[in-house]
Structures are given as structure tokens and as C-alpha cells.
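A.B. asks: Submitted below is the structure of interest, expressed as C-alpha cells.
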Amino acid sequence: MPLRAGGRRGGVPLVAVAHGSRDPRAAATVARLVDAVRALRPDVPVHTSFLDHCPPAPVPVLDGIAAAGGTSAVVLPLLLTAAYHSKCDIPAVLRGADARLVLRTAGTLGPHPLLTAALERRLAEAGVEAGDPDTAVVLAAAGSSDAAANATIAGLARVWRTRGWRGVVPAYASATRPSPGEAVAALRDAGVPRVVVASYFLAPGFFSDKVRDEALAAGAAAVSPALGDAPEVAELVVRRYEEAVVGAEAAAAS
């Protein structure tokens, strides 16, 4: 069955699925991002949901779409890397949703050049000029037990270094090493004039606070805020949504 528009407006409903956090700043940040997405695609009904810690959960949101007469939806993970949540939790969501809905899962947000642009935007807001040859960047992510997810962060760091930085190295707040503090200290010990930290987090919370505290204690000159509702992130959400819809239409036509 093809993925067609459902709900009361023109586009296929989009159900954004965020990780969720006990920190109220996280849900507020996701709400601002979703509002930015709605502004870019006012024809699309956009719904917010969370995997953990705060309501609403994805399945009740999807069931509500079906109950209102919707026939399809795009489930879009608001996740920066493909790890356990995207590989296990999101498929479980799809299995638990109302069987009347035709569902399509969009790709995770990262990696993508728009996220690099968003990182540079946030660094600029922290007073760091993009591509400064005297500045090394520690790219700080949450970290994962999934080696492929950690490798994605390392790959992003390698690509980003070509933008002119003195260096870009990955670091992880959990699960693997180096930690952000270790990475900052190693660069300073190597004689790098200025070390800054780029926070590769969608929203503020425990990990972003931990990264900031560790990095500043180790001598980082600046730590950027979470990506949040940066325009590049909102644009990327729309692109992932549109890719999912086009992919579904192509599959139906084949």
C-alpha cells in the first residue's frame, strides 16, 4: 500500500521521536525544533513523542492519528547517530502501533553536512570562528555501546578537520573513550594554542552538562551549546521526512 497523506492537512503526518530526558530543558528544546519544522512545512501535521522519561510515547501518538482517520505516517527519529534506539527501539514502536497505519521510518539525522553547519553555528555563538587554523575542536558526543555509532562520530571528526581547523578529534561522554576532558587535556599537552568543544547533542541534559563541566575543567576555551533548534537541524528534519515520503512512493510504484 502506498504512503499517502493522512490526517486533516495535506501532507503525510510526521511523528518525531526524541530520546526523552528527565531534564525539562530537553523537552522544551525539542518543542522549539518541532515548531521550526512546522514553519518550514505548514502543510504537514507534525507530532512530537519521546522514547523515555516524558510523554507522549510514540505508540499513543500513532494510534491517535489512526483513530482520527489517518492512514499513514512517517516516524522520524530525532537522533544524531544510528545506534540502539534507532535499531531496536524505533522498530519496536512500529510493531506496537495501530495496524491500520502504513508507516515509514525516516533515517536518523546524522551524519549529514547540515549538522556540521549547525555545529559551526553553535561554535560561532560561543565566540569561535569556523575553521580557525590555531584552534582544535573536540567533537563531543554521548557515546554508545554500538561501535558503529562511535565510528560515525570519528568519521565526522575526520571530515570536519578539512574545514581548516588545526585538528578535530572525537570524544564521548559515556561507553567509550576518550572522554571530552581527556581529549582536551591531550590537545593542550600537545601544545595546541586553543582547544574548544563542539557539543554534538540535540538537546541539553545530563550528558551535555557533564561534557561542559569536564571540558572547562580540562582547559577548554569554549564549549558550544546543544544543536537544538538551529535552522540547519530543522531543515535536515524536513529533508529526512521528504526522503521517507519519496522513498515510499518509489517503492509503491515499483
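A.B. asks: Output ³J(HN,Hα) for the range 180-188: one whole-Hz value per residue in order, computed from phi by the Karplus curve 6.51 cos²θ - 1.76 cosθ + 1.60 with θ = phi - 60°, and x for Gly and Pro.
C.D. replies: The phi angles translate into x, x, 5, 5, 4, 4, 5, 5, 5 Hz.
A.B. asks: Looking at the range 162-254, I'd like the Rg to Rh ratio, where Rg is from alpha-carbon atoms and Rh is Kirkwood's inverse mean 1/r.
C.D. replies: My calculation puts Rg/Rh at 1.16.
A.B. asks: Could you work out the helix-only [θ] at 222 nm for the chain, with each DSSP H run of four or more residues adding -39,500 (n - 2.57) and the total divided by the number of residues, to the nearest 500 deg cm²/dmol?
C.D. replies: Taken over the chain, the calculation gives -13500 deg cm²/dmol.
A.B. asks: Can you give the direction-averaged projected area of the convex hull of the alpha-carbon atoms in the range 97-159, in nm²?
C.D. replies: With every direction weighted equally, the projected area is 6.6 nm².
A.B. asks: Between Thr176, Leu119, Leu101, whose Cα lies farthest towards the positive end of the dipole of the range 98-195 when Lys and Arg beta carbons carry +1 and Asp and Glu beta carbons carry -1, centred on the Cα centre?
C.D. replies: After comparing all options, I get Leu101.
A.B. asks: Pick from Ala82, Ala183, Ala217: which residue has the top mean-square fluctuation in a GNM of the chain where Cα pairs under 10 Å get a spring?
C.D. replies: Ala217
A.B. asks: Keeping the other protein chains in place, figure out the carbon and sulfur percent of the accessible area of the chain, with a 1.4 Å probe.
C.D. replies: 55
A.B. asks: Can you order the peptides 170-179, 201-210 by their average number of other Cβ atoms within 10 Å per residue, highest first?
C.D. replies: 201-210, 170-179
A.B. asks: Based only on the alpha carbon positions, what is the Kirkwood hydrodynamic radius of the range 66-189, in angstrom?
C.D. replies: That comes to 16.5 Å for the range 66-189.
A.B. asks: Across the range 152-159, in residue order, what do the Karplus-derived ³J(HN,Hα) couplings come to in whole Hz, using 6.51 cos²θ - 1.76 cosθ + 1.60 with θ = phi - 60° and x for Gly and Pro?
C.D. replies: So the J values, rounded to whole Hz, are 4, 5, 4, x, 4, 4, 4, 5.
A.B. asks: Quick check on packing: order 99-105, 16-22 by the mean number of other C-beta atoms within 10 Å, highest mean leading.
C.D. replies: 16-22, 99-105
A.B. asks: Given the chain, what whole percent of its Cα pairs are spread farther than 34 Å?
C.D. replies: I get 21 percent for the Cα pairs in the chain exceeding 34 Å.
A.B. asks: What is the dipole size for the range 13-74, taken about its Cα centre, with +1 at each Lys and Arg Cβ and -1 at each Asp and Glu Cβ, in debye to the nearest 20?
C.D. replies: In total the dipole reaches around 160 debye.
A.B. asks: Around Leu139, which amide H atoms from residues at least 5 apart in sequence, or from another chain, sit under 5 Å from its own amide H, with H modelled in the peptide plane?
C.D. replies: Val169, Ala171, Ala198
A.B. asks: Could you tell me how many degrees, from 0 to 90 and to the nearest 10, lie between the Cα long axis of helix 58-67 and the main elongation axis, the longest principal axis, of the Cα atoms of the chain?
C.D. replies: With both axes taken from Cα atoms, the answer is about 30 degrees.
A.B. asks: Once amide H atoms are placed 1.01 Å from N in the peptide plane, what residues at a sequence separation of 5 or more from Val75, or on another chain, have their amide H within under 5 Å of its amide H?
C.D. replies: Answer set, sorted by chain and number: Val15, Arg104, Thr105, Ala106.
A.B. asks: Here's something else I'd like to know. Assign unit charges at the C-beta atoms only (+1 for Lys and Arg, -1 for Asp and Glu), then state the dipole size of the chain relative to its Cα centre in Debye, rounded to the nearest 20.
C.D. replies: In total the dipole reaches around 320 debye.
A.B. asks: Follow-up. Any idea of the accessible area per residue across the chain, 1.4 Å probe, to the nearest Å²?
C.D. replies: Value for the chain: 44 Å² per residue.
A.B. asks: Tilt of helix 206-217 relative to the longest C-alpha principal axis of the chain, in degrees (0 to 90, nearest 10)?
C.D. replies: Helix 206-217 and the main axis of the chain meet at about 10 degrees.
A.B. asks: Which residue, Phe201, Ala185, Val159, has the largest displacement toward the positive end of the dipole of the range 156-207 when charges sit on each Cβ (Lys, Arg +1; Asp, Glu -1)?
C.D. replies: Val159
A.B. asks: Given the peptides 146-153, 120-127, arrange them by the average over their residues of other C-beta atoms within 10 Å, most packed first.
C.D. replies: Most protected by this proxy first, the peptides run 146-153, 120-127.
A.B. asks: Once Lys and Arg get +1 and Asp and Glu get -1 on their Cβ, which of Pro133, Ala215, Gly64 lies farthest toward the positive end of the dipole of the chain?
C.D. replies: Working it through, the farthest residue towards the positive pole turns out to be Gly64.
The values are calculated or read from the model by the stated rules, or taken from the named source; none is laboratory data. This structure is a prediction, so every number in the text was calculated from the model and none was measured. Cβ coordinates were reconstructed from backbone atoms using ideal geometry, including for glycine residues, and neighbour counts include every protein chain displayed. Surface accessibility is based on the protein's heavy atoms, side chains included, excluding ligands, DNA and RNA. Shrake-Rupley method; radii C 1.70, N 1.55, O 1.52, S 1.80 Å.
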